[in-house]
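In what follows, a single structure is set out as structure tokens and then discussed.
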Amino acid sequence: MRISVTLSHGHIGHERSSTPIAQRVVAAVAELVRKPIHFYRSRAELNRLGQLSDHELNDIGLMRSDIVAVSALPLGIDPTAALASMVEDRHKWRRGL
């Protein structure tokens, strides 16, 4: 049960979460199912990127060393999100931002 505290006109009030327990349980189970699927897809995408040539990687703003670096990240970190961040940072740097 989640309880939030609100302050309104100097008075403190308590609100109970209106989400039924069953909905929260279903959401938690869905998240448990979603995470391994997302992990598998992200690692599969990383493997596909690793099969590209250096020229193809350069075309999408990546370097081979980027692939190697994100493959060493802990399992809980999305390698595709890390790569996207690297590309964005590289573009900003090249534009002088």
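Observations on the model:
- Neighbours by Cβ (under 9 Å, 6+ apart or cross-chain): first from region 19-35, closer than 25 Å to GLY76 by Cα; second among the polar types (S, T, N, Q): ARG24/SER17; ALA27/THR19
- None of ARG24, ARG43, ARG48 is exposed (fewer than 11 other Cβ atoms within 10 Å of the Cβ) and either outside any loop (DSSP other than H, G, I, E, B) or out of contact with any strand residue (DSSP E or B) (no Cβ under 8 Å at 6 or more places or on another chain) (or both) except ARG48.
- Failed item, numbered, when LEU62 is tested on (1) part of a helix (DSSP H, G or I); (2) hydrophobic (A, V, I, L, M, F, W, C); (3) within 26 Å of ARG95 (Cβ to Cβ): (1)
Each row is one residue, and each column tells you yes or no for (1) modelled with pLDDT under 90; (2) of a type in the set (Asp, Glu).
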site	(1), (2)
LEU52	no, no
ASP66	no, yes
ALA69	no, no
ASP78	yes, yes
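- Residues considered: GLU45, GLU56, GLU15. Of these, the only one that is acidic (Asp, Glu) and at pLDDT below 90 is GLU15.
The values are calculated or read from the model by the stated rules, or taken from the named source; none is laboratory data. What you see is a predicted model; the values in this text were computed from it and never measured. Every residue, glycine among them, receives a Cβ derived from its backbone with ideal geometry; neighbour counts consider all protein chains shown.
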